Amino acid sequence: MEVVIVSDATEIGPLVADAVEALLAGNPCAVLGLATGSSPLPVYDELVRRCADGRVSFSRATAFLLDEYVGLPAGHPESYRSVIDRAFVGRVDFGAGAVHGPDGTAADVVAACRAYEDAIAAAGGVDLQLLGLGRDGHIAFNEPGSSLGSRTRLKTLTSQTVSDNRRFFDPGDDVPRHVLTQGVGTILDARHLVLVAAGAVKAEPLARVVEGPVTAMVPGSALQLHPHVTVVADAAAAAELTLADYYRAAWAGKPAWQGL
Ligand code: GLP
């Protein structure tokens, strides 16, 4: 696992966008894994700028979302599909039908989850998966206790996550308690995982993910099992990392040809 600690959060967007740009330069048909939440937003903003400048194009790329609420009507402004359209997809040049998400409106949830796994496999798997980190160490919506081999399925959110998500909904609105989410095993199948963490609220969960034991109680800790993981953290999120000095030295001395 490579841990990159940036001195200023504004470095996160360009750094991760470089990896996406390099991927698409080598393979314009690459498959991206997109995450919602606030953490990847600087990456999306940077990619939108680069797309407008003609540096990067998503016109032949495919993308898969990590997760989706269950119980929101299609087109609800807070469905993850709507959120990612506003934040990124609708601002760049993806082709029609190129971006997929789990169908949170499906009557047959089990079939919808299976179809989603099949669609990812049919696309050849995800080349680069963006990830954020929940306060309880969750990735996508894999709450503590999630099997480290789990696949896309229905999950119930913890009350902590429901309350974290409340800020996006109008006061008085019901915040969904159920979601469809790629499993930890699904996420680990992606070829490169890039986890973005910013702010002091992520310091404790990030330390557990990067340096704690691999355990279903911290689903993000499963990233330690993956051969190609990049964690990009600002100084506040990195504050509880025991080996922070080592990560900084390794990054400072990294040969330029290696990339992320
Ligand atoms: C939700 C999403 C996760 C995201 C997390 C953290 O739970 N399902 O994918 O990582 O929020 O969001 P943020 O980046 O806003 O802290």
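The values are calculated or read from the model by the stated rules, or taken from the named source; none is laboratory data. Note that the structure is a prediction, hence the values are computed from the model and not measured. FYI the Cβ positions are ideal-geometry reconstructions off the backbone, even for glycines, and counts take in every protein chain you see. We work out accessible area using only protein heavy atoms, side chains counted, and drop any ligands, DNA or RNA first. Shrake-Rupley method; radii C 1.70, N 1.55, O 1.52, S 1.80 Å.
Evaluating Leu133 against the criteria (1) buried (at least 22 other Cβ atoms within 10 Å of the Cβ); (2) within 12 Å of the ligand (Cβ to nearest atom); (3) not in a loop (DSSP other than H, G, I, E, B) leaves one unmet condition, (3).
Conditions (1) within 15 Å of the ligand (Cβ to nearest atom); (2) acidic (Asp, Glu); (3) closer than 23 Å to Glu117 by Cα, marked per residue:
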{"site": "Glu11", "(1), (2), (3)": "no, yes, no"}
{"site": "Val16", "(1), (2), (3)": "yes, no, no"}
{"site": "Ala25", "(1), (2), (3)": "no, no, no"}
{"site": "Ala35", "(1), (2), (3)": "yes, no, yes"}
{"site": "Val48", "(1), (2), (3)": "no, no, no"}
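Residues in region 187-199 that are open to solvent by 10 Å² or more (accessible area, probe 1.4 Å) and away from the ligand (no atom under 12 Å from the Cβ): Leu188, Asp189, Arg191, His192. The residue that is nearest to Val196 (Cα to Cα), counting only those in region 54-82 that are open to solvent by 30 Å² or more (accessible area, probe 1.4 Å) and of a type in the set (A, V, I, L, M, F, W, C), is Val70.
Rundown of residues vs (1) open to solvent by less than 30 Å² (accessible area, probe 1.4 Å); (2) in a loop (DSSP other than H, G, I, E, B), yes/no style:
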site	(1), (2)
Ala107	no, yes
Ala119	no, no
Gly124	no, yes
Pro144	no, yes
Thr161	yes, no
Asn165	yes, no
Leu180	yes, no
Pro205	yes, no
Val210	yes, no
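To keep it simple, each residue is scored yes or no on (1) near the ligand (Cβ under 10 Å from one of its atoms); (2) touching a residue at least 12 places away in the same chain (Cβ under 8 Å).
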{"site": "Ala140", "(1), (2)": "yes, yes"}
{"site": "Ser146", "(1), (2)": "no, yes"}
{"site": "Gly149", "(1), (2)": "no, yes"}
{"site": "Thr161", "(1), (2)": "yes, yes"}
{"site": "Phe168", "(1), (2)": "yes, yes"}
{"site": "Asp173", "(1), (2)": "no, no"}
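Going by what's in this entry, would Leu65 be described as more than 18 Å from the chain's Cα centre (by Cα), within 16 Å of the ligand (Cβ to nearest atom) and of a type in the set (A, V, I, L, M)? So Leu65 fails the test.
Would you say Cys51 is part of a helix (DSSP H, G or I), at pLDDT 95 or above and open to solvent by 10 Å² or more (accessible area, probe 1.4 Å)? Answer is yes for this residue.
In region 66-92, the residue that is farthest from Glu21 (Cα to Cα) out of those that are in contact with a helix residue (DSSP H, G or I) (Cβ under 6 Å, 6 or more places away or on another chain) and of a type in the set (A, V, I, L, M) is Ala87.
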